[in-house]
Each structure stands twice: as C-alpha cells, then as structure tokens.
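Inspection log for the structure reproduced underneath, given as structure tokens.
The values are calculated or read from the model by the stated rules, or taken from the named source; none is laboratory data. Because the structure is predicted, anything quoted here is derived from the model rather than measured. Virtual Cβ from ideal backbone geometry, glycine too; neighbours counted across all protein chains shown. The accessibility values were calculated without ligands, DNA or RNA, using every heavy atom of the protein model including side chains. Shrake-Rupley method; radii C 1.70, N 1.55, O 1.52, S 1.80 Å.
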Amino acid sequence: MHMRIVSIILLALAIGLRASARDSETYELPPFSYSATQPRDAISRLQARMASGDLKLAGADRDIVRALMRELGIPVESQVVVFSKTSFQRQIINPDHPRAIYFSDDCYVGWVPGGLVEITSWDPLLGPIFYSLDPAVARTNAARAFVRDNDCLRCHGGAFVRGIPGVFVRSLFTDANGEPLLRHGSEVVDFRTPFTNRWGGWYVTGKHGGALHRGNVIAREKNDELVVDLKRGANVQDLAGHFETTRYLTNTSDIVALLVLEHQTAMQNTITRAALNCRRMLDYQRNLQRELKETVTEEIKYDSVRSVFDSSAKELVDDLLFQGEAELPVGLHGSPGFQSAFADGARRTKEGSSLKELSLAGHLFKNRCSYQIYSAAFLALPAQLKHRVYERLARILTAETPEPRFAYLPADERRRIAAILRETHSE
C-alpha cells in the first residue's frame, strides 16, 4: 500500500511538472528565458547612469516624464491619449483622467498624472521589456528608479498577442467611467483594421472627412443593446472639452500618430515572433544534431526548421510591405508637429526619399515598406531568416510583374522602395 501511494504521488508530480512546462510560455523557457535574462536595452543603460550619479531625474512628476522622454529620444508630439481602463493603473484612469502614451521607433512611455510612469524599451534579442517608474522613488533613490515589471506579461505576454512578449493597441467601447463594455467587442488594432473599428476608448484629434471611427465617445447599454453616437467623436480638433489637457505635456491625441503607432506595434510583434520562433528552431536543430552525433551547424538541415523560417519570412515581408492595409478615408489630416517629429532623423537618399514619408491618401506611407526594417531588432534576426526576407523583397520589388498579392504596389513605388533600401540600409 505504501509503495502504491508513493507511485501515485510521483505520477501526480510528473503530470504536474509536464502541465507546468506545457502551460509556460515558450519565451520563458530556454533558449530565451525571457524573465530571467538581463536585458540590453535603453532603460538598462539609463539605470546604470542613474545608479552612478551621472543622470538624475528631479522636479515635479511632469518634469520627470519630460526628462525621461528626452533621454529616450521620444518626442512630446507623439502623445496619444486613452481613457479606457485597460492598464494596470485602471483605478485612476477614466475619461476625465486618461493615460497619455508617447513613443519613438523603439521606446514607449505611458503616464497617468498622479500615477506611475510605464516604460517599454526594446531588447534586440528578447523583444519588449516592461518597466514601471515611481516619480517619488526616482527623486529620492535613483538606483531603484526603474522596476522591471513582468506583471505586465499577464496582458502583454500572450493574452492579446500570440505567444510572445508584445505591444498592442486595443479598441473597445467604454461607459462613462472608462469601464470596457466587453460583450460588445474588443479587438487588437493593426494597419489591417478597418478605419471604422479603430480607437474605441481613445481620444483622437484630427480631420478625417465623412468617415467615422470609435474615438472620443462614451457608450452605454439600453436593454442589452449598445447605444453610441459615433458622429459626436468625428473630426475633433480640441480635447479641452473632454478633460483637463493642461495637466499633460501637450493637448493632442493625433490621428496620424495613432495610425503610425498601430502599424509600428504590429510590425514589432511580427519581428519578435519571427525572432523567437526561428531561434527556437535553430536551438532544436542543434540539440537534435548533438543527439544524433551529427556535425552541429547553423545551416538549416531539417524540413521542420526550414518550414518555420520560410513562413516567418513570408509573414515579415507581408507586414513590411503593408500587405492587406485597410484603406484610409479621404480628407485625413493630423498634427504638423507630430509629422515633423516623426520624420526627424529619417534615413534619406540623396534625392530626399525616405521610408518615413507619409501619404495619407488612401494609405499611410508614400513608400510602403516599414521603417522598422532599420531597427536593431530586425538587424538582430538570424542571418538565415534575413537572407530569405531580402531575397523575397528583391523578387517583389524588382519583378516586371510582382506576384498577385503585391499587385497593389505600382511599379514606380516598388522602384522607389528598392532604391531607398539600396542606399540607406546597412545590409
């Protein structure tokens, strides 16, 4: 009887361990060990400077946020504002007291006046790293200013993106308190999302003609039906009637900034997913070669590994070239301040062409290849994957007639993109 009990306990433990491993996100397991790995990102470098006394964050909360953004190269003009209770600071977020988000090509800062500062910074190998900063702590104990906050992974680590640490924009209707009315839908927004489905729970400034979106409005339920007037949120130029804008760094939640943010987060998630999947398969191949007493090589040898690399390259190229981008409405105009800040420092050809040139005429960019192709995360992708991406890009951009899925790119635009990449891209 004793041995049978021991056997049952051991069996239960074994099943529990297997279930635990199965339930663990892939990025938390070797070879990545996301949470256990020390990141090499902008915040880890800032933290070292603050610990040494080389950098101090002082003043009011607003001053600290501004100084932090200056150090991270994030423009104030990038401000976009969300009032849905979809942050871990949900208790203090509402339509009268929203959360502002600021971003650069590789960093994000979120701030609710009177609350914590949320920072997401990019590690080229791990993807997004999530931090919180308490301004009061930053003023008194610089060495402990930044806290790596893996609690963010409850939403940013698989709940709303597939099996990766990710960044995303959500659109959903809220009530007058900012509480999500989830039974009426919620979606993660990217550049393929129809214009009419965007920005539920967000403030939006800018013009967009007769098209309607879900921003700037409060919804309610009547007899289990959603009641909302989208026309009230259209073509809003001033947010002063919605909340006290003077508490924030600027008074806009720019429509073009939101469009750029939605493309950028989608592209970064695609890069992160490709990186994790392909590195995991390379690790699988190396381990299998060792077990089979074969020569360990970085050259792809197995069909299962090759399949993951090929599908990842396809997904990367699709997103780089905005395949399936939703049509934007006629009459789209945003803040000149954001557009100038966004273009500042863009890599340009001798003729001045850039992947950051905006179009806003049916689609977001004039030259539809994502500027994220320059990012440290993209450049850190496995060489075998980048080779496939570059090879596929070359075929699409230089072909007399591209494959049908890229027929939306006219010949002159494909030529411009190819010329820009040849002249401005390090690889």
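For the stretch 213-257, taking the residues that are in a strand (DSSP E or B) and among the hydrophobic types (A, V, I, L, M, F, W, C), the one that is surrounded by the fewest Cβ atoms within 10 Å (Cβ to Cβ) is identified as Val227.
The rows are residues; the columns are (1) closer than 20 Å to Thr265 by Cβ; (2) out of contact with any Leu (no Cβ under 6 Å at 6 or more places or on another chain); (3) among the hydrophobic types (A, V, I, L, M, F, W, C); (4) not in a strand (DSSP E or B).
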position: Asp54; (1), (2), (3), (4): no, yes, no, yes
position: Leu57; (1), (2), (3), (4): no, yes, yes, yes
position: Val65; (1), (2), (3), (4): no, yes, yes, yes
position: Ile74; (1), (2), (3), (4): yes, yes, yes, yes
position: Phe88; (1), (2), (3), (4): yes, yes, yes, yes
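I'd like to know if the stretch 87-103 contains one or more residues that are at pLDDT 95 or above, touching an Asp or Glu at 6+ places or on another chain (Cβ under 8 Å), of a type in the set (Ser, Thr, Tyr) and open to solvent by less than 20 Å² (accessible area, probe 1.4 Å). Scanning the stretch 87-103 turns up no residue that is at pLDDT 95 or above, touching an Asp or Glu at 6+ places or on another chain (Cβ under 8 Å), of a type in the set (Ser, Thr, Tyr) and open to solvent by less than 20 Å² (accessible area, probe 1.4 Å).
Name the residue that is least open to solvent (accessible area, probe 1.4 Å), counting only residues in the stretch 168-177 that are modelled with pLDDT of 95 or more and in a loop (DSSP other than H, G, I, E, B).
Filtering the stretch 168-177 down to residues modelled with pLDDT of 95 or more leaves 169-177.
Next, from what is left, pick out any that are in a loop (DSSP other than H, G, I, E, B): 173, 175-177.
Numbers: Phe173: 18, Asp175: 41, Ala176: 73, Asn177: 100 Å².
Only one residue fits best here, namely Phe173.
The residue that is modelled with the lowest pLDDT, among those in the stretch 130-158 that are of a type in the set (A, V, I, L, M) and crowded, with 18+ Cβ neighbours inside 10 Å, is Ala142.
So that you can scan it fast, the table gives a plain yes or no per residue for (1) touching a helix residue (DSSP H, G or I) at 6+ places or on another chain (Cβ under 8 Å); (2) without any contact (Cβ under 8 Å) to a residue 12 or more places away in the chain; (3) over 30 Å from Cys278 (Cβ atoms):
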site: Ala138; (1), (2), (3): yes, no, yes
site: Asn141; (1), (2), (3): no, yes, yes
site: Arg154; (1), (2), (3): no, yes, no
site: Arg162; (1), (2), (3): yes, no, no
site: Gly166; (1), (2), (3): yes, no, no
site: Ser171; (1), (2), (3): yes, no, yes
site: Lys222; (1), (2), (3): no, yes, yes
site: Lys231; (1), (2), (3): no, no, yes
